[in-house]
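Trainee: Quick one: structure below, then a few questions.
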Amino acid sequence: MAAAISIGAAIGGIIGKVIFSQIINTFNSGNAVGAVQSICLFILTAITLSYSLFRKRVHRFKIRSFPVAALLGSVLGVFSSFLGIGGGPINIMFLSVMFSFGIQTSAAYSLFIIMCSQISSLLWQIWRGTVPEFSIMLLVIMAWCGIIGGVTGMCIKKHLKITKINALFNIVLIVIMLICIYNYINYSSLI
């Protein structure tokens, strides 16, 4: 399953970047892409929140077909690349439902999907010569902040009960949805 999902994620990463470029070229505006990304992220986050609230009632599948796993991996790769996010909670929810993976297995697969889709997306941009300019210093600072945030989150998690972790997770999803609405309104006014 790991090979199938990662191959699909790599292909999906390229497809997501192509879709991103097509929207920019069609509308000749980064604001249009931002509006579409906000809508997509809002919908995916709402689905993830619904799953989090009603997970015991959700039917789980146990897909073990290589082509189907590759197709589903490509869907996750498209979202990861197009939205420009890792998509951890979305991936974990999707993997739990479609493959009946536990949280730990889903988290490991999610990291693998993110890595494959983002690497293929980056290689596609390098090959096409479309890598945007960026500050190396800002990249280093963001990487360190990500590491510090991850370590801090793990420390906080050790001191919380699972019910509080789930409640905090749901609050974060709601905040993300509110940010998506705010971003959509801002991008739409600039199109």
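Trainee: Do any chymotrypsin sites (Phe, Trp or Tyr not before Pro) in region 1-76 lie in a loop, going by DSSP, with at most 16 other beta-carbon atoms within 10 Å of their beta carbon, and if so which? Each step should come with its number before you reach the end.
Mentor: Working: sites: F20, F27, F42, Y51, F54, F61; in loops: F61.
Listed in order of number, the matching sites are F61.
Trainee: Along each of its three principal axes, how wide is the spread of alpha-carbon positions in the chain, in whole angstrom units, largest first?
Mentor: Between the extreme Cα coordinates on each principal axis of the chain lie 46, 37, 31 Å.
Trainee: Would you work out the charge dipole size for the chain about its Cα centre, treating the Cβ of every Lys and Arg as +1 and the Cβ of every Asp and Glu as -1, and quote it to the nearest 20 debye?
Mentor: Details: 12 positive and 1 negative charges, 174 e Å.
Dipole magnitude for the chain comes out near 840 debye.
Trainee: How large, in Å, is region 120-190 by the Kirkwood hydrodynamic radius built from its alpha-carbon pairs? List each step's numbers first, then the result.
Mentor: On the way: mean 1/r = 0.0630 Å⁻¹.
So the Kirkwood estimate lands at 15.9 Å.
Trainee: Let me ask another. How do 106-113, 89-96 rank on mean C-beta neighbours within 10 Å, highest first?
Mentor: Top of the packing list down: 89-96, 106-113.
Trainee: Farthest toward the dipole's positive end in the chain, which of V151, I136, I39, given Cβ charges of +1 (Lys, Arg) and -1 (Asp, Glu) about the Cα centre?
Mentor: Among V151, I136, I39, the one farthest towards the positive end of the dipole of the chain is V151.
Trainee: Using Stokes-Einstein with the Kirkwood hydrodynamic radius over Cα pairs, what translational diffusion coefficient do you get for region 1-87 at 20 °C and a viscosity of 1.002 mPa s, in µm²/s rounded to a whole number?
Mentor: Result for D is 152 µm²/s.
Trainee: Continuing with this model, one more query. Give me the extension gain from C40 to C155: residue separation times 0.36 nm, minus the current Cα-Cα distance, reported in nm with one decimal. Please list the in-between numbers first.
Mentor: Numbers: separation 115, 0.36 × 115 = 41.40 nm, distance 3.15 nm.
Length gained, C40 through C155: 38.2 nm.
Trainee: Anything in the chain that counts as a DSSP H helix reaching 20 Å or more along its axis (C-alpha) with Kyte-Doolittle mean of at least -0.5? List them, would you?
Mentor: Working: long enough: 2-27 (37 Å, 1.54); 30-54 (36 Å, 1.51); 66-83 (25 Å, 1.94); 103-128 (37 Å, 0.84); 136-158 (34 Å, 1.74); 162-190 (42 Å, 1.53).
Span-like helices, by this rule, are 2-27, 30-54, 66-83, 103-128, 136-158, 162-190.
Trainee: A follow-up question, please. Run down the lysines and flag those whose C-alpha is under 28 Å from the C-alpha of K158, throwing out any fewer than 8 positions away in its chain.
Mentor: In chain and number order, the partners are K56.
Trainee: Continuing with the same structure: Given an 8 Å cut-off on Cα distances and at least 6 residues of separation, report the relative contact order of the chain as a percent. Walk me through the numbers before you get to the answer.
Mentor: Numbers: 221 pairs, mean separation 72.5, N = 191.
Here the relative contact order equals 38 percent.
Trainee: To continue, here is another question. So for region 68-113, averaging the separation of alpha carbon pairs under 8 Å that are six or more residues apart and normalising by length, what relative contact order in percent results? Write down the numbers at each step before the final one.
Mentor: Numbers: 25 pairs, mean separation 16.5, N = 46.
With pairs under 8 Å counted, the relative contact order is 36 percent.
Every number here is computed from the coordinates shown, using simple stated rules; none is lab data. Please read all numbers here as calculations on a predicted model, not as lab measurements. Positions of Cβ are generated from backbone atoms using ideal geometry, with glycine treated the same way; all protein chains shown enter the neighbour counts.
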